[in-house]
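Undergrad: Before we start, here is the structure in question, set down as structure tokens.
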Amino acid sequence: GGNYLSPVYKYYNVTKRFDYALSKTMTDQLANTSDPRGKDNVYGTSSVGFPYGLSRNNAVDFANNHVGFAQVMNGQAASTGTDAFPVLTAGEVYLARAEAAQLGWTGEDAAAMYALGIKSSWEFWKVYDATTYGTFMASSAISLSGGNALQKIATQEWVASFPSGLRGWSVWRRTGFPALAPSPAALNGGVIPRRLPYGPNEYSYNATNVGTAATQYTVSGDKDSQLARMWWDVQ
């Protein structure tokens with residue numbers, strides 16, 4: 001509240017940017033797995049996600065032809081600037097523990113942590129139902145018993161990271177999952193960026209150190225490249 005409004009409320013109701021949308025990448029994932037977090041007013045106000053990375057003209061065309069595209073969470077209808085906004089949820093922590101266990105880093109039960117992670121996330125978003133949950137966990141796309149365990153865990157980490165796009169991006173960079181397609185209007189050779197280059201203030205106020213660091217992120221002769229990988233980005 002006060003000077004620190006809910007970012008969703010602020011975007012739609014203060015700055016009046018109604019083009020802030022839930023990506024089709026996410027709505028497709030939720031729909032394809034019958035995930036109840038894809039219901040109206042949970043992750044988005046509809047199941048019509050906005051394709052990301054379009055050219056301006058194509059984006060305008062899509063918006064004009066899909067006036068009910070999914071706004072984030074409650075979107076324009078968010079009731080107040082004091083609405084809660086998740087920073088780090090228990091579901092994300094359980095899923096991180098599932099990944100660590102699957103990689104052999106801990107002695108925990110990966111499947112148990114995975115199940116708790118999804119259940120906790122559903123409870124957080126108030127969509128948990130025991131019958132629906134049981135069906136979901138038994139489906140071939142979700143159950144770890146069908147193989148591809150690390151891919152499934154990482155994908156659920158990505159889903160649970162909503163609405164933090166930055167954290168979802170980090171899950172993908174770190175694990176390689178889910179399989180994401182580059183922007184169709186990419187101007188960087190048709191690949192998804194791997195890092196954020198240093199900002200202009202860094203070059204202005206910390207030129208010596210940033211110049212040295214930038215050389216460590218050189219790709220095809222381009223220093224401080226957005227295509228270079230962070231040290232933990234090994235996929």
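The values are calculated or read from the model by the stated rules, or taken from the named source; none is laboratory data. Given the structure is predicted, the values throughout are model-derived calculations rather than measurements. Glycine gets a Cβ as well: all are built from the backbone with ideal geometry, and neighbour counts include every protein chain shown. The accessibility values were calculated without ligands, DNA or RNA, using every heavy atom of the protein model including side chains. Shrake-Rupley method; radii C 1.70, N 1.55, O 1.52, S 1.80 Å.
Undergrad: Using mean Cβ contacts within 10 Å as the protection proxy, how do 36-44, 58-66, 190-198 order, highest first? If you can, show how the numbers build up before the last one.
TA: On the way: 36-44: 19.2, 58-66: 13.0, 190-198: 14.8.
Per-residue mean Cβ counts within 10 Å order the peptides as 36-44, 190-198, 58-66.
Undergrad: Under 28 Å Cα-Cα from residue 39, which lysines qualify once same-chain neighbours fewer than 8 residues away are excluded?
TA: Result set, ordered by chain and number: 10, 16, 24, 119, 126, 152.
Undergrad: Under 5 Å between amide hydrogens, which residues at least 5 positions from residue 23 or on another chain qualify, with H placed 1.01 Å from N in the peptide plane?
TA: 50
Undergrad: Kirkwood Rh, Cα Rg: Rg to Rh for segment 123-235? Can you show the working numbers first?
TA: Values: Rg = 18.8 Å, Rh = 16.9 Å.
Rg/Rh: 1.11.
Undergrad: Also: Whenever you get a sec, compute what percent of the accessible area on the chain sits on carbon and sulfur atoms (1.4 Å probe). Write out the running numbers ahead of the final one.
TA: Values: 7110 of 13030 Å².
Carbon and sulfur atoms account for 55 percent of the accessible area of the chain.
Undergrad: Could you tell me the relative contact order of the chain? Use alpha-carbon pairs under 8 Å, at least six residues apart, and round to a whole percent.
TA: Details: 310 pairs, mean separation 36.9, N = 235.
Reported relative contact order: 16 percent.
Undergrad: Let me ask you something else. Count the net charge of all other residues whose Cβ sits under 15 Å from the Cβ of residue 75, scoring Lys and Arg as +1 and Asp and Glu as -1.
TA: Numbers: positive: 10, 16, 17, 39; negative: 19, 40, 83.
The answer is +1.
Undergrad: Using θ = phi - 60° and the Karplus form 6.51 cos²θ - 1.76 cosθ + 1.60, what ³J(HN,Hα) does each residue of segment 51-59 get, whole Hz, x for Gly and Pro?
TA: Residue by residue, segment 51-59 yields x, 8, x, 7, 5, 4, 4, 5, 5 Hz.
Undergrad: Dipole of the chain, Cα-centred, from +1 at each Lys and Arg C-beta and -1 at each Asp and Glu C-beta, to the nearest 20 debye? Intermediate results must be reported in sequence, preceding the final value.
TA: Values: 18 positive and 17 negative charges, 65 e Å.
I would put it at about 320 debye.
Undergrad: Are there trypsin sites (Lys or Arg not before Pro) in segment 81-162 that DSSP marks as loop and that have at most 12 other Cβ atoms within 10 Å, and which are they?
TA: Details: sites: 97, 119, 126, 152; in loops: 126.
Here the trypsin sites (Lys or Arg not before Pro) that fit, given the DSSP loop and packing criteria, are 126.
Undergrad: Could you pull out every residue, at least 5 positions away or on a different chain, whose amide H is within less than 5 Å of the one on residue 44? Hs are placed 1.01 Å off N in the peptide plane, and Pro or chain starts have none.
TA: Hits under the 5 Å cutoff: 73.
Undergrad: Work out from phi, with θ = phi - 60° and the Karplus expression 6.51 cos²θ - 1.76 cosθ + 1.60, the ³J(HN,Hα) of each residue of segment 203-211, listed in order in whole Hz, and give x for Gly and Pro.
TA: Residue by residue, segment 203-211 yields 5, 6, 9, 9, 4, 4, 5, 5, x Hz.
Undergrad: Further question on the same structure: Mind checking the dipole of segment 1-85: about its Cα centre, +1 per Lys or Arg Cβ, -1 per Asp or Glu Cβ, Debye to the nearest 20?
TA: Details: 7 positive and 6 negative charges, 38 e Å.
The dipole of segment 1-85 has a size of about 180 debye.
Undergrad: With a probe of 1.4 Å, find how much accessible area segment 33-97 has per residue, and write the answer as a whole number in Å². Don't jump to the answer; show the numbers that get you there.
TA: Numbers: 3480 Å² over 65 residues.
Result: 53 Å² of accessible area for each residue.
Undergrad: Let me ask something else. Once the other residues with Cβ under 11 Å from the Cβ of residue 141 are scored (Lys, Arg +1; Asp, Glu -1), what is the net sum? All intermediate terms of the calculation are to be shown ahead of the outcome.
TA: Values: positive: 152; negative: 35.
So the environment of residue 141 carries a net charge of 0.
Undergrad: Please compute P(r) over all alpha-carbon pairs of segment 90-182, binned at 10 Å starting from zero, and give each bin as a whole-number percent.
TA: Per 10 Å bin, starting at 0, the Cα pair percentages come out as 18, 51, 29, 2.
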